[in-house]
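Shown next, in structure tokens, is the structure this report addresses.
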Amino acid sequence: MSYYITTPIYYVNAEPHLGHAYSTIAADILARHMRQRGEDVFFLTGTDEHGEPVAQAAEKLGLEPRELADRNAPHFRELMPRINASNDFFIRTTDPEHEAKVREIVQRVHDYGHVYEGSYEGWYCPRCADFKTESELGEGNTCPIHKIPVERKREENWFFRLSAFQEQLERLYAERPDFVRPAARYNEALSFIEGGLEDVSLSRPKLTWGVELPWDPSQVIYVWFDALLNYVTALSYARDGEDLTERFWPAFHIIGKDILKFHAVYWPAFLLAAGYEVPRRMFIHGFLLMEGHKMSKSLGNVLDPFEVIDRFGADALRYYCFREVPFGRDGSVSAAGFEARYETELANEYGNLASRTLAMVGQFRDGVVPDAAPDPALLEGADGLAGLDEAVRDLLDRAELTQALEQIWARVRRLNRYVEETRPWDLAKQEADQGGAGDRLDAVLYSLAEGLRVLALLLHAYIPEAGDRLLDALAEPDRGLAAFGSRAGGQRVGELPPLFPKIEAAPAA
Ligand code: MSP
């Protein structure tokens, strides 16, 4: 089956921060997991370069918007390999192919009769590029997200007849209760729709920079429609001479809660207006907070993902984000919390389990995993290995990244307990005393190596670098998911330097 997954495209008004890495890593974990399942995957990310958020930031720096976009877009592009994102394409909304396709689609929406000319009067946040209703405003007419005063605007615009899609959207939500997840976000979007939809601006006066409206060059396309359309335009030119739309559309979107309305309300309506299928589904994540506030450039409380990766590696960052903060909810991150999990969980629980297992196979069986049956004791119980891969598949089908990781981690702990319970070093001593190889030690070492292999495969989507190193050491060439006991012993294991080595103390700030 095809699986098309997207991230929001990032504004190039500033440098990337951990909040951006977060959306991308979430999508990447799902993309990698689905590839492991043999699905036909396409994973898209990129940058949103038009509109006021970028134009205003450029003006402050005395630059043309294009210059700022050209300066910052590469930082987002470079972020992707640094966080080990396996995206199949990186779109920039200034790509001429994107712009041409946007004009074509918007023209179609016009020709189908879904637009009209009118005037807009109301509140506008230039950082969100969003027209706010009174009920969306924060205290003292401010933007609740950016905490800046909103602007009173009166403009001549072209409008998209969103109100005409009221019934169709209500039907969509009734028919597809999992269209938007988690359920709280579904309810939020649905109540926005049920509150009565008003038409929305499709264009802005040309003062700001963007894609010209085909039938009225005095206007540019409202940046949100330009941006949302990236999800379909990319498929038309990501591969030379090939249009991937048929193969991959509709998409599964990963987005943050601040952009719910655009994705869950405007976007399906606009797709219907243009004659496309609505998205397959969307998962809405919460915010990473620092000291209780959303991490954002404008609030100046950002954690620089590049710095974290330089010190701890991409795996550690990928792991931490989804272990610390339940995916879908807001949660705080901190350097101290990060270091604690790195040491206790990655280095001690997982890293040591891997080193110990390989060392014991080396020491007691000359580096060859014994061929034995899996220990039934490890299959049983709430944290048993039986059915683990199905449970993880099921959770990741619903984008439950944290719950799936919790399930896997419970088994990492289970295997550590198993080492303590079985005490292979005592079994080895008994063997030496009695002479000859004991079946019990064979079974224990096989079960440990096999359990570790199964866990490394399941964790591969989350921590691919450590996964490759460990699986190579376990002489496992495949990367597909596997059930416990599905591979026999007999293979020779290799060397494994610490998966998560001790990190020097942070340099003084
Ligand atoms: N350009 C628009 C999206 C257009 S999609 C068609 C945009 N860009 S953004 O750069 O401001 O934000 C992109 C994504 O990063 C959003 O999903 C947002 O929720 C996410 N994050 C930005 N800061 C964040 C945190 N502190 N925590 C988690 N994610 C946050 O909106």
Going through Arg82, Arg77, Arg71, Arg108 one at a time, which residue ends up being open to solvent by 20 Å² or more (accessible area, probe 1.4 Å), under 22 Å from Ser203 (Cα atoms) and out of contact with any Leu (no Cβ under 7 Å at 6 or more places or on another chain)?
Arg108
Return the residues of the stretch 207-231 that are over 15 Å from Gln107 (Cα atoms) and within 11 Å of the ligand (Cβ to nearest atom); say none if nothing qualifies.
Val223, Trp224, Ala227, Leu228, Asn230, Tyr231
Scan Arg311, Arg281 and give me the residue that is touching a strand residue (DSSP E or B) at 6+ places or on another chain (Cβ under 7 Å), away from the ligand (no atom under 15 Å from the Cβ) and open to solvent by 10 Å² or more (accessible area, probe 1.4 Å).
Arg281
What about Leu260, is it within 13 Å of the ligand (Cβ to nearest atom), at pLDDT 95 or above, closer than 19 Å to Ile145 by Cα and open to solvent by less than 30 Å² (accessible area, probe 1.4 Å)?
yes
Any residue that is farther than 30 Å from Ala428 by Cα and either in a loop (DSSP other than H, G, I, E, B) or not assigned by TED's automatic domain parsing to the domain that holds Tyr462 (or both) - is there at least one of those in the stretch 369-376?
no
Kindly evaluate Tyr446 against the criterion of being aromatic (Phe, Trp, Tyr) and touching a Gly at 6+ places or on another chain (Cβ under 6 Å).
yes
Give me the residue from the stretch 233-246 that is touching a Leu at 6+ places or on another chain (Cβ under 8 Å) and touching a residue at least 60 places away in the same chain (Cβ under 8 Å) and, out of that set, nearest to the ligand (Cβ to nearest atom).
Ala234
Got a number for residues in the stretch 314-361 being closer than 17 Å to Tyr22 by Cα and either assigned to a loop (DSSP other than H, G, I, E, B) or open to solvent by less than 50 Å² (accessible area, probe 1.4 Å) (or both)?
21
Take the conditions of a type outside the set (Gly, Ala, Ser), open to solvent by 10 Å² or more (accessible area, probe 1.4 Å) and touching a residue at least 60 places away in the same chain (Cβ under 8 Å) and apply them to Glu380. Does it pass?
no
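Let's see how each residue does on (1) at pLDDT 95 or above; (2) over 26 Å from the mean Cα position of the chain (by Cα); (3) polar (S, T, N, Q):
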site: Trp158; (1), (2), (3): yes, yes, no
site: Ala164; (1), (2), (3): yes, yes, no
site: Gln168; (1), (2), (3): yes, yes, yes
site: Arg185; (1), (2), (3): yes, no, no
site: Glu194; (1), (2), (3): yes, yes, no
site: Arg204; (1), (2), (3): no, yes, no
site: Trp209; (1), (2), (3): no, yes, no
site: Trp224; (1), (2), (3): yes, no, no
site: Ala227; (1), (2), (3): yes, no, no
Output yes when any residue across the stretch 410-421 is under 25 Å from Glu39 (Cα atoms) and among the charged types (D, E, K, R), and no when none is.
no
Looking only at the stretch 114-150, count every residue that is within 33 Å of the chain's Cα centre (by Cα) and acidic (Asp, Glu) and tell me the total.
4
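The values are calculated or read from the model by the stated rules, or taken from the named source; none is laboratory data. Small disclaimer: the values here were computed from a predicted structure and weren't measured. We place every Cβ from the backbone using ideal geometry, glycine too, and count neighbours over all the protein chains shown. Note: accessible area is taken over every heavy atom of the protein model, side chains too, but ligands, DNA and RNA are not part of it. Shrake-Rupley method; radii C 1.70, N 1.55, O 1.52, S 1.80 Å.
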